[in-house]
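**Student:** Next up is a structure, given as structure tokens.
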Amino acid sequence: MSPFHALNLPNGQTIGNRIAKAAMEENLADTEQAPSQALMQLYRAWADGEAGLLLTGNVMIDRRAMTGPGGVVLEDERHLERFRQWAAIGRAKGAQFWVQLNHPGRQTMANLGQPAWAPSAVALEMGQFSKMFAQPTPMSEDDIQDVIQRFATSAALAQKAGFTGVEIHAAHGYLISQFLSPLSNRRTDRWGGSLENRARLLIEVVNAVRAAVTADFCVAVKLNSADFQRGGFDADDARQVIDMLNPLAIDLLELSGGSYEAPAMQGEARDGRTLAREAYFLEMAGELASRAKMPVMVTGGIRRLPVVEQVLVSGIAMAGIGTALAVEPLLVKLWHEGHDSHPQLPPITWKRKPLAALANMAVVRFQIQRLSRGHRPKPSVSALWALILDQVYIAKRTRQYRAAMSK
């Protein structure tokens, strides 16, 4: 299967090729948490790169629950015209453009000054970095129903704005992923205990979203193949959740892995020595894809065309690319033109893994911010310098967010 062949989705829509720009945390909203001009400039660059599918970074369903202070929020119509502009830019070169909808749950920074809603009062375990996160507050039945409705409302607004689909984020340790994991979900009611109960939030969100949009609007789910934590959500759980998702009207299932506590989604696979190391969820995802009735996409570390081809040969329908497209936004176009491009960032080998994970995200965001200003990326940037700049920027955005929320 050529990476440049179209993919037909279950709802009748088509993705022009088998390569997606995967979601990355941009933190480029304006001070009203709406799409900024910088964000639109960034997506012009990615639209020019000719990936068949563009996925936004986290778009939050509730401005009180943010993965970062510069995140975009889509909870009502107050900035719908900005979203229309953003959608038009992403679709300008023919790509499908989907909004990734998310709620952070307990992965909420303490300095944002907001409660961290979660299935249970189980705090993140990140050593000395644990104090950076708000103490989680167990959700009531009303809280859970509110979240389900918010996902549906945001999806309907995304369609109204001109996006062609949404992706429900149920991975990487965010709220729905927290409900799925027996480590973070200690509930004894109908939302906890058995896997069927722990998966109930995901299933109800999917059903509510599907009911809020038209049949030709795409609905996708992002699911962990595993959390990579002992006693957590594992590959066997993922198999069973896929079985639960199969009867639902889902157009694409994206498989990834990890969380803030175990950031496997960042990987150790940027040296390019082997295909297996580069596509570090591939083996597990290939087995899971055989159970799925919908097309499956795998995301994680891919930066070379031979790896994309290996992904497709394994029976997976699409390859999602994140960091490599922050380093070279025209990557898919270059591949299609016959260029052997394989962009990468230098590996960060700091001994303190949580700090290294923060630095890795900072280096990626450094490239994203350069693209948002119309500049070329700078892969050689010092990880320490990028981390310092990122922390200064986040501190500024945090002050702005807190000021806005206090009005």
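**Student:** Among the residues of segment 342-381, how many are over 20 Å from residue 127 (Cα atoms), assigned to a helix (DSSP H, G or I) and out of contact with any helix residue (DSSP H, G or I) (no Cβ under 7 Å at 6 or more places or on another chain)?
**Tutor:** 2
**Student:** If you check every pair at least six apart or on different chains, which have Cβ atoms under 9 Å apart with a residue in segment 374-400 that is over 18 Å from residue 45 (Cβ atoms) and open to solvent by 60 Å² or more (accessible area, probe 1.4 Å) first and a residue that is part of a helix (DSSP H, G or I) and among the aromatic types (Phe, Trp, Tyr) second?
**Tutor:** These pairs meet every condition: 385/366; 389/366.
**Student:** Also: Given the structure, is residue 390 farther than 21 Å from residue 70 by Cβ, acidic (Asp, Glu) and touching a helix residue (DSSP H, G or I) at 6+ places or on another chain (Cβ under 8 Å)?
**Tutor:** no
**Student:** Further question on the same structure: Looking at 331, 371, can you tell me which residue is closer than 18 Å to residue 309 by Cβ and open to solvent by less than 70 Å² (accessible area, probe 1.4 Å)?
**Tutor:** Of 331, 371, the one residue that is closer than 18 Å to residue 309 by Cβ and open to solvent by less than 70 Å² (accessible area, probe 1.4 Å) is 331.
**Student:** Residues that are within 25 Å of residue 27 (Cβ to Cβ) and in contact with a His (Cβ under 6 Å, 6 or more places away or on another chain): does segment 284-302 have at least one?
**Tutor:** Within segment 284-302 (the criterion being within 25 Å of residue 27 (Cβ to Cβ) and in contact with a His (Cβ under 6 Å, 6 or more places away or on another chain)), the answer is no, since none of the residues qualifies.
**Student:** OK, next. State the number of residues belonging to segment 174-219 that are part of a loop (DSSP other than H, G, I, E, B), open to solvent by less than 10 Å² (accessible area, probe 1.4 Å) and farther than 29 Å from residue 124 by Cα.
**Tutor:** 1
**Student:** Return the residues of segment 293-328 that are open to solvent by 20 Å² or more (accessible area, probe 1.4 Å), touching a helix residue (DSSP H, G or I) at 6+ places or on another chain (Cβ under 7 Å) and not in a loop (DSSP other than H, G, I, E, B); say none if nothing qualifies.
**Tutor:** Of everything in segment 293-328, those that are open to solvent by 20 Å² or more (accessible area, probe 1.4 Å), touching a helix residue (DSSP H, G or I) at 6+ places or on another chain (Cβ under 7 Å) and not in a loop (DSSP other than H, G, I, E, B) turn out to be 305, 306, 310, 323.
The values are calculated or read from the model by the stated rules, or taken from the named source; none is laboratory data. These figures come from a predicted structure and were not determined experimentally. Virtual Cβ from ideal backbone geometry, glycine too; neighbours counted across all protein chains shown. SASA here: full protein model, heavy atoms, side chains in, ligands and nucleic acids out. Shrake-Rupley method; radii C 1.70, N 1.55, O 1.52, S 1.80 Å.
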